[in-house]
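A short write-up of the structure that comes next.
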Amino acid sequence: MATSGSLISAVSSYVDHTGRRLTGLKSIARWSTFEPALARFASLPELVRACREGSPEVQDNLLGALVAISVEDPLAALAVVAALSRRLGAVAVAWRRGGASASDLAVLEADLVSECWAAVVALASRVAVGQPVPPKVALVIVDRARAAVRSPRLRELRSARRQVGFEGHIASLAGDDTAPAADELAKQIGAAVRAGRLSAAAARPVFLTRVAGYSTAAAARQLGYSPAVVRALRSRAERVLVSSGGR
């Protein structure tokens with residue numbers, strides 16, 4: 001299970017809260033017209049609960065329907081992440097039992113959620129062009145997210161004290177003048193997007209908060225996510241920018 005205050009819990013709470021509002025109710029009504037498997041659910045929280053508590057066959061059927069519409073609707077992708085919260089929580093628990101510290105575990109868990117979201121979006125893109133939803137889709141998504149995080153991120157954490165963080169990277173650009181730093185960072189973001197190292201969607205949280213000066217909460221409103229999700233997506237994008245060195 002996810003711990004209280006964890007990003008896994010934050011995403012689940014965001015989906016639950018949004019699902020009870022008019023936006024969420026309209027979304028599930030719209031999804032039902034495209035995916036009959038979702039038609040029996042009156043609300044998004046009810047759908048997410050059915051995914052979590054259903055048999056593997058029920059879970060995969062519902063997740064497959066959500067994945068199919070995720071390419072057009074970010075809320076559907078987040079609903080998949082929320083529906084997989086127990087599986088993601090189990091991965092985090094295994095890392096904790098394996099010796100990850102509380103601070104390292106928080107970072108690993110944030111990366112796990114980000115990679116899970118990315119795996120859903122990537123799978124949705126393939127389904128949109130005619131590829132089938134894979135069997136045991138819940139396991140496929142979680143395994144891809146775990147594999148994307150565990151080895152590289154644990155290596156990063158072990159060498160964290162020898163690395164310059166993103167805040168230090170910005171400070172090195174800034175010197176005594178923050179305006180050139182923002183300009184230089186904007187150039188680096190643009191270069192990363194053009195080179196294919198970072199998608200435009202992945203770059204937006206960094207651009208809004210680091211260049212345009214939006215607060216995390218304001219950026220979350222602009223992007224339609226919770227602040228916790230914005231922080232996780234920004235962290236992932238910033239690691240790409242730092243590792244690429246602006247090339």
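In table form, for the structure just shown:
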| read-out | value |
| --- | --- |
| Region 134-160 residues that are in the same structural domain as residue 113 (by TED's automatic domain parsing), paired with ones that are modelled with pLDDT of 85 or more and loosely packed, with under 15 Cβ neighbours inside 10 Å (beta carbon under 7 Å, 6 or more apart) | none |
| Which numbered condition residue 39 misses (of (1) in contact with a helix residue (DSSP H, G or I) (Cβ under 7 Å, 6 or more places away or on another chain); (2) under 18 Å from residue 74 (Cβ atoms); (3) surrounded by fewer than 19 Cβ atoms within 10 Å (Cβ to Cβ)) | (2) |
| Matching option when the condition is in a helix (DSSP H, G or I) and not assigned by TED's automatic domain parsing to the domain that holds residue 198, among 100, 79 | 79 |
| Hey, residue 89 more than 25 Å from residue 220 (Cβ to Cβ), in contact (Cβ under 8 Å) with a residue 40 or more places away in the chain and either surrounded by fewer than 17 Cβ atoms within 10 Å (Cβ to Cβ) or assigned by TED's automatic domain parsing to the domain that holds residue 113 (or both) or not | no |
| Check on residue 210, at pLDDT below 80, buried (at least 19 other Cβ atoms within 10 Å of the Cβ) and basic (Lys, Arg) | yes |
| Residue that is surrounded by the most Cβ atoms within 10 Å (Cβ to Cβ), among those in region 101-130 that are touching a residue at least 40 places away in the same chain (Cβ under 8 Å) and more than 22 Å from residue 70 (Cβ to Cβ) | 108 |
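The values are calculated or read from the model by the stated rules, or taken from the named source; none is laboratory data. Keep in mind it's a predicted model, so treat the numbers as computed, not measured. Note: ideal-geometry Cβ built from the backbone for every residue, glycine included; neighbour counts use all protein chains shown.
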